[in-house]
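Only the coordinates and a few stated rules stand behind these numbers; no lab work does. The shown structure was predicted, so the numbers you read here are calculated from the model rather than taken from an experiment. Cβ atoms come from the backbone with ideal geometry, glycine included; neighbour counts cover every protein chain shown.
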Amino acid sequence: MEIAFMVIAALAGIGAGAGSVFAYNKQKENGGKNKADDLIRKAKHEASDVVLGAKKEAADIVEKTKVEENDRRKEWRKTENRLAEREGTLDNKLDQLDKKSENLRKQEDQIEDLKNEIWGIRTQAQEKLEKIAGLSKSDAKEKLIAMTERDIKTDLVNLVIKEQKAMSDQVDETAESILLTAMERMSSEVTADRTITALKLPDDDMKGRIIGKEGRNIQALQRATGVDVMVDDTPGMVVLSSFDPIRRQVARYALERLMKDGRINPSSIEEAVTKAEKEIEKEVVRAGEDAAREVGVVGIPREMLHLLGELKFRTSYGQNVLLHSVEMAHIAGMIAEEIGADKRVAKTATLLHDIGKAVTHKIEGKHAEIGSELAKKYGMSEDVVHAMAAHHNDIEPTTPEAIIVKIVDAISAARPGARNVSAENFAERMRDLENIATSFPGIDKAYAISAGREIRVVVEPKQIDDLSALKLARDIANKIEATMQYPGVIKVNVIRETRAVEYAK
């Protein structure tokens, strides 16, 4: 009974709890539903506000677009009106141009008619004048020219002579002053030592040593140096012959060393030649550097200095080429300073002007052309290259520095005793001068005087007048410059003499 009661009580408790849970869940469900309904109402309200705002914004945009569209339409109408006005203006202008063109065509036709009429009148007048004068147009023109030439010819000759004399006096005085000043400031040797090519033998026994058994020593020396060694041509002398002055000098140094040592055999010859080549190389480099230092020129490439040093062993007409170049550089610097030219360019070009002579036996061509090409190759300036190339008139000198190089070359070569010229060459040059002068028509006689410094030309007065004599002198001078090589300046003196002879009986 008690158990049954407890079971009933338990069931009653469980039922009460389940009822409470159900009531709670029902209450919670009703609260969530209310909250959801609030949220839905709030969302609908916000959505309604957004829609209203979007509608309002869209209405504003549409209104703004309508206003802009109206503005654009107004602008387009204005533009169309302006274009229409311009089109009308252009049409008017085209009409005016057409009218002007038509008027111009009419005027051109009128002008052409007037020209034809004037030519007809001129032709009639010319025919009348020819009939009256008895001369054709060409005959009258020739007579007028002849009369004018006859009237003014004497005046022209006198004017030309006067202007030439005034200019010559002024130029000569200035040039003489500059040249004399430079020459007085520069003093150098009158003659230079020649390259020695012959050695004296101490005794006949030394000749045998040099030749060696079956000539092996002399053959070894010739192979090592590239120089011909002649021991039998001149008694007591050894003659060294070679087109290359450097080789000749190497052979000289080596042979002097061998004769001093006394031991001459192929191995000692090779050793002596090697030492001689080293000595010559040092001497060449030192000579080039000393020359540049003496003149005061810096920045010359080492290859050019080496070639410059080789000129120490080169002579031209008995004049040492390196000493000649150094002397020229000093004089060129003085002249450049006097006339305001570039002193450095003048001194550099004169110092290197004959550098092509160091390689003329290796490269074909004139030494001035070779030297200028070498200078260009090693990066010398254009002014220096031009001055080197123009010093013998192979090209026309166009700069003051190029003219200076040409002048000082003539000064240095023309000094008394500077160069040795054989009697045969001297006589040949005199004949060439006279032959050049007599090659022109109207020449009676020609004489080369003053050791070739002047050529006097006597002309036929009936064939050559005063004006033609001036032109003849210039033509002869130009031909001498183009066909001959000579130191200094040659004066061309054309003489025209008219004699009137009568006898009283």
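Under 30 Å between alpha carbons, and skipping anything fewer than 8 positions from LYS115 in its own chain: which lysines qualify?
By straight Cα distance, LYS115 reaches LYS99, LYS100, LYS106, LYS128, LYS131, LYS137, LYS141, LYS143.
What is the local net charge at ALA84, summed over the other residues whose Cβ is closer than 14 Å to its Cβ (Lys, Arg +1; Asp, Glu -1)?
0
Taking 0.36 nm per residue of separation and subtracting the Cα-Cα distance, what length does fully extending LYS479 through ASN493 add?
Extending this stretch completely gives an extra 3.6 nm.
What is the sum of charges, Lys and Arg at +1 and Asp and Glu at -1, for the other residues whose Cβ falls under 13 Å from the Cβ of ILE264?
Here the count lands on +2.
For segment 207-213, what does the Karplus curve 6.51 cos²θ - 1.76 cosθ + 1.60, with θ = phi - 60°, yield as ³J(HN,Hα) per residue in whole Hz, taken in order and with x for Gly and Pro?
4, x, 5, 5, 5, x, 5
Among rounded, prolate and oblate, which fits segment 296-420 when a ≥ b ≥ c are the square roots of the eigenvalues of its C-alpha gyration tensor, a/c under 1.5 means rounded, and a/b larger than b/c means prolate?
rounded
Which whole-Hz ³J(HN,Hα) couplings does segment 327-333 yield from phi under the Karplus relation 6.51 cos²θ - 1.76 cosθ + 1.60, θ = phi - 60°, glycine and proline marked x?
Values, residue by residue: 4, 4, 4, 4, 5, 4, x Hz.
Check MET380: other-chain or 5+ apart residues with amide H under 5 Å from its amide H, H built from backbone geometry?
So MET380 has HN proximity to no qualifying residue.
For segment 423-495, what is the charge dipole size about the Cα centre, in debye to the nearest 20, if Lys and Arg each add +1 at the Cβ and Asp and Glu each add -1 at the Cβ?
Charge dipole of segment 423-495: 120 debye, to the nearest 20.
Restricting to segment 423-495, compute how many DSSP beta bridges are antiparallel as a %, nearest 5.
55
Pick out, from ILE443, ALA477, GLN463, the residue whose Cα sits farthest towards the positive end of the charge dipole of segment 423-495, with +1 on the Cβ of Lys and Arg and -1 on the Cβ of Asp and Glu.
Most positive-ward Cα: ALA477.
Which residues in segment 448-470 have a backbone N closer than 12 Å to a point placed 7 Å from the Cα of TYR503 along the Cα-to-Cβ line?
Under 12 Å, as judged by backbone N against the label point of TYR503, lies no residue of segment 448-470.
In whole Hz, with x marking every Gly and Pro, tabulate ³J(HN,Hα) for segment 258-272 from phi via Karplus 6.51 cos²θ - 1.76 cosθ + 1.60, θ = phi - 60°.
5, 5, 6, 6, x, 9, 10, 8, x, 5, 5, 5, 4, 5, 5
Loop only per DSSP, at most 13 neighbouring Cβ atoms within 10 Å: give me the trypsin sites (Lys or Arg not before Pro) in segment 258-306, ordered by residue number.
ARG263
How much net charge surrounds VAL384 when only the other residues with a Cβ under 13 Å from the Cβ of VAL384 are counted, with Lys and Arg +1 and Asp and Glu -1?
0
Would you mind checking the pairs LYS462/LYS505; LYS278/LYS376; LYS282/LYS357; LYS165/LYS479; LYS312/LYS357; LYS278/LYS312 and listing those with alpha carbons more than 18 angstrom apart?
LYS462/LYS505; LYS278/LYS376; LYS282/LYS357; LYS165/LYS479
Go through THR148, GLN164, LEU94 and say which Cα lies farthest out towards the positive end of the charge dipole of segment 74-168; charges sit on Cβ, +1 for Lys and Arg, -1 for Asp and Glu.
GLN164
For VAL51 and ASP37 in the same chain, what is the full-extension length gain: residue separation times 0.36 nm, less their Cα-Cα distance, in nm?
Net length gain for the segment: 2.9 nm.
Show the residues, 5+ positions off or on another chain, whose built amide H is closer than 5 Å to the amide H of ASP444.
VAL458, VAL459, GLU460
Roughly how many Å is it from the Cα centre of segment 317-367 to that of segment 456-490, as a whole number?
What the calculation gives is 30 Å, centre to centre.
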